[in-house]
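S.K.: Once you've had a glance at the structure underneath, I'll fire off some questions.
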Amino acid sequence: MGKPKFSRKRYETPSHPWQADRIQAENELIQKYGLKNKREIWKAETALKRYRGQARELLAKIRVGDPQTKKESDQLLTRLTRLNILPPNPTLDDVLALNTESVLARRLQTVTYLKGLASTPTQARQLISHGHIAINGRKVTVPSYMVTKEEEGNITYLVSSPMNDTTHPARPKPDFKSAPIKKEVPVEKPKEQKTEKPAEKTQPEQVVDKPDEIKEEKTVVENKPEVKEGEKQNE
């Protein structure tokens with residue numbers, strides 16, 4: 001049962017804490033959408049998992065011919081279309097083709113940045129948390145609020161917010177255009193074609209006449225005169 005004071009988690013955590021590919025992908029999403037921590041990614045993944053699981057069950061029931069299936073599938077598709085996660089006239093197969101960024105793109109923080117009310121996704125989060133953003137004139141301080149298709153055109157600064165002043169230093173410049181958040185696709189570099197070099201012409205070996213062997217010079221031995229024994233004694 002648990003303690004009624006503490007509510008249970010409404011999201012699922014990864015099965016393994018240390019996965020290099022998953023950690024790198026989550027860090028890119030945090031930087032791209034200006035998220036506070038990875039818990040917000042896990043909440044979006046849990047919501048997406050719930051939508052996809054419901055769509056799979058409905059597809060299985062359609063084959064059986066359950067009359068309640070049509071009603072439930074219409075409710076699911078209407079909800080996702082209302083949140084602008086799916087295009088008009090969707091099917092259950094379109095639900096299975098969704099990814100995590102489809103849910104993150106409908107957060108109030110992301111929509112505020114795309115509308116040009118903030119210079120960066122991080123600034124958009126700050127403006128929402130400090131109470132400067134309103135929907136239909138009502139202040140909303142939850143960056144993860146899911147914006148519907150009807151509310152998207154009514155997101156403005158709060159009437160009492162100093163951000164309504166066009167000369168406010170924190171307000172984006174009039175010529176500022178927010179860059180669309182798109183998924184980066186790695187581009188493969190074209191392979192360099194190896195060009196075969198022309199074969200170098202080999203010159204014929206030149207025959208060099210070897211010099212004649214140098215004859216050794218004969219050493220001349222000086223013929224010293226013989227000294228007689230009598231002369232040695234006189235000396």
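S.K.: What list of ³J(HN,Hα) values in whole Hz, one per residue of the stretch 55-64 in order, does the Karplus curve 6.51 cos²θ - 1.76 cosθ + 1.60 (θ = phi - 60°) give from phi, with Gly and Pro shown as x?
M.R.: 5, 5, 5, 5, 5, 6, 6, 4, 5, 6
S.K.: Quick check for me: using +1 on Lys/Arg Cβ and -1 on Asp/Glu Cβ, what's the dipole size of the stretch 1-115 about its Cα centre, in debye to the nearest 20?
M.R.: Numbers: 24 positive and 13 negative charges, 137 e Å.
With only Lys, Arg, Asp and Glu charged at Cβ, the dipole is about 660 debye.
S.K.: Lysine pairs, Cα distance under 19 Å, 8 or more residues apart or cross-chain: how many in the stretch 1-105?
M.R.: 9
S.K.: Using just the alpha carbons, could you tell me how many Å³ per residue the convex hull of the stretch 136-183 encloses? Kindly include the intermediate steps, with their values, before the conclusion.
M.R.: On the way: hull volume 6.0 nm³, N = 48.
Taking the convex hull of the Cα positions in the stretch 136-183, it is 126 Å³ per residue.
S.K.: Let me test this: with uniform point scatterers at the alpha carbons of the stretch 1-156, what is the Debye-based log₁₀ I(q)/I(0) at q = 0.11, 0.12, 0.15 1/Å?
M.R.: These q points yield log10 I(q)/I(0) values of -0.54, -0.64, -0.93.
S.K.: With a cut-off of 8 Å between alpha carbons and a minimum separation of six or more residues, what is the relative contact order of the stretch 1-108 in percent? Working shown, then result.
M.R.: Details: 60 pairs, mean separation 27.8, N = 108.
Answer for the stretch 1-108 is 26 percent.
S.K.: Moving to a separate point now. Using 7 Å Cα-to-Cβ label points, what is the R56/T167 separation (nm, one decimal)?
M.R.: 6.0
S.K.: Highest mean first, how do 52-65, 3-16, 161-174 rank when packing is the count of other Cβ atoms within 10 Å averaged over residues? Working shown, then result.
M.R.: Values: 52-65: 13.6, 3-16: 8.9, 161-174: 11.6.
So the order, starting with the most tightly packed, is 52-65, 161-174, 3-16.
No value in this document is a laboratory result; all are computed from the given coordinates. Since the structure is predicted, the reported quantities are computational estimates derived from the model, not experimental observations. For neighbour counting, all protein chains shown are included, and Cβ atoms are generated from backbone atoms with ideal geometry for every residue, glycine included.
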